[in-house]
1. With the structure loaded, tell me whether Lys262 is basic (Lys, Arg), within 19 Å of the chain's Cα centre (by Cα) and under 21 Å from Leu142 (Cβ atoms) or whether it fails that test.
2. Output the residues belonging to the stretch 38-52 that are over 13 Å from the mean Cα position of the chain (by Cα), in a helix (DSSP H, G or I) and not basic (Lys, Arg).
3. Given the conditions (1) crowded, with 16+ Cβ neighbours inside 10 Å; (2) under 20 Å from Ser43 (Cα atoms); (3) charged (D, E, K, R), and given that Glu143 satisfies all but one, which numbered condition is not satisfied?
4. So which of Lys54, Lys67 is surrounded by 11 or more Cβ atoms within 10 Å (Cβ to Cβ) and either at pLDDT below 95 or touching a strand residue (DSSP E or B) at 6+ places or on another chain (Cβ under 9 Å) (or both)?
5. Name the single residue, out of those in the stretch 246-259 being surrounded by fewer than 20 Cβ atoms within 10 Å (Cβ to Cβ) and not aliphatic (A, V, I, L, M), that is nearest to Ser118 (Cα to Cα).
6. Could you please find all residues in the stretch 150-182 being small (Gly, Ala, Ser) and free of Cβ contacts under 8 Å to residues at least 60 places away in the same chain?
7. Does Gly29 count as surrounded by 13 or more Cβ atoms within 10 Å (Cβ to Cβ), among the small types (Gly, Ala, Ser) and modelled with pLDDT under 95?
8. Every residue in the stretch 230-243 that is hydrophobic (A, V, I, L, M, F, W, C) and not in a helix (DSSP H, G or I), please.
Amino acid sequence: MPHRPWPIFVVAVGILLLACSGAPPTPEGTKIYGDALVTLSKSDFDAALRNLDKAIKAAPDEDSRMKAVILRTALVTAQADAYRQMAEAYYSGAKQPAGAGHTGGFYKQRSDYYSTGSSLLMDAMQSVMNQRAKLGDKPMPLEVGFPGFTGTNPGMLKIKAGQLLGDSERIGAEQQADRDALAVVLTSIAGKGQDPQKGKDAYATGKVEIDPRVYIIELSNSFLESGAMYEVHGLNQPEKLRTVKDVVKGNLEVATKLLAAKPDKNLEARVKKILDDCDKGQKPGKKS
């Protein structure tokens, strides 16, 4: 009886199926990063952070990991400042005549936003400190859908006027504050100042090359701005304010070393300005 060529046939079919299967499967870390971008576009910032944490751990290579780290750091930095702004809005509202009947609610929300904002700020600063030794002269690519920003936040304006909002409207104001703050952070680390429209135009072109010097300088500026929550009119925690300033100064030492290798007069002036603001105990000036 002749031998049946089934084994050869099976192997041949297997090879054919592999050849027809198309591109190799997408790495798990890449899929998760895509999920983060989707949740970010929906203003689900907590889900975006969870996905970015997973994407960092599952990244298929260092470039992919760094991209997720950069976006996560930008998001946490932005949320810290957005929560500071929300806390300050509730403090303003508590002092308005319209808020006189429910100051307890205003101060509770103020306390909650300050508490979360403080945790986010510490998280963001630690993230940058972890990145310091890895920053060099190589641009860091970042591709992300730019958040929808507005010139004003109606919900926050109501809070400042003394209206104690329901949860739905309050969360809407919080999400808009998050989007606006993220737009500013993404714009600044792209080297486009703090005009979100310029940032939107830059990210609309696709992948943005982030200059590591600009990255650490502008995040430090944001840290110092958010650190205002620890001043007397806020949480009145001078030890944490000193921590913020120490981190900022450490970051700017790294920036100075990067600038020594690749000088830029505008960035050097920016470093000096932030250091002056830090030493004077003033909130940093906006970059034009």
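The values are calculated or read from the model by the stated rules, or taken from the named source; none is laboratory data. Treat the numbers as computed from the prediction; the structure is a model and nothing was measured. Don't worry about glycine lacking a Cβ; one is built from the backbone with ideal geometry, like all the others, and counts go over all protein chains shown.
1. no
2. Residues satisfying the conditions are Val38, Thr39, Ser41, Ala47, Asn51.
3. Failed condition: (1).
4. After ruling out the rest, the residue left standing is Lys67.
5. Asp246
6. Residues of the stretch 150-182 small (Gly, Ala, Ser): 151, 155, 161-162, 166, 168, 172-173, 177, 181.
Scanning the stretch 150-182 gives Gly151, Gly155, Gly166, Ser168, Gly172.
7. The answer is yes for Gly29.
8. Our first condition is that a residue be hydrophobic (A, V, I, L, M, F, W, C); within the stretch 230-243, this holds for 232, 235, 241.
Correct list: Val232, Leu235.
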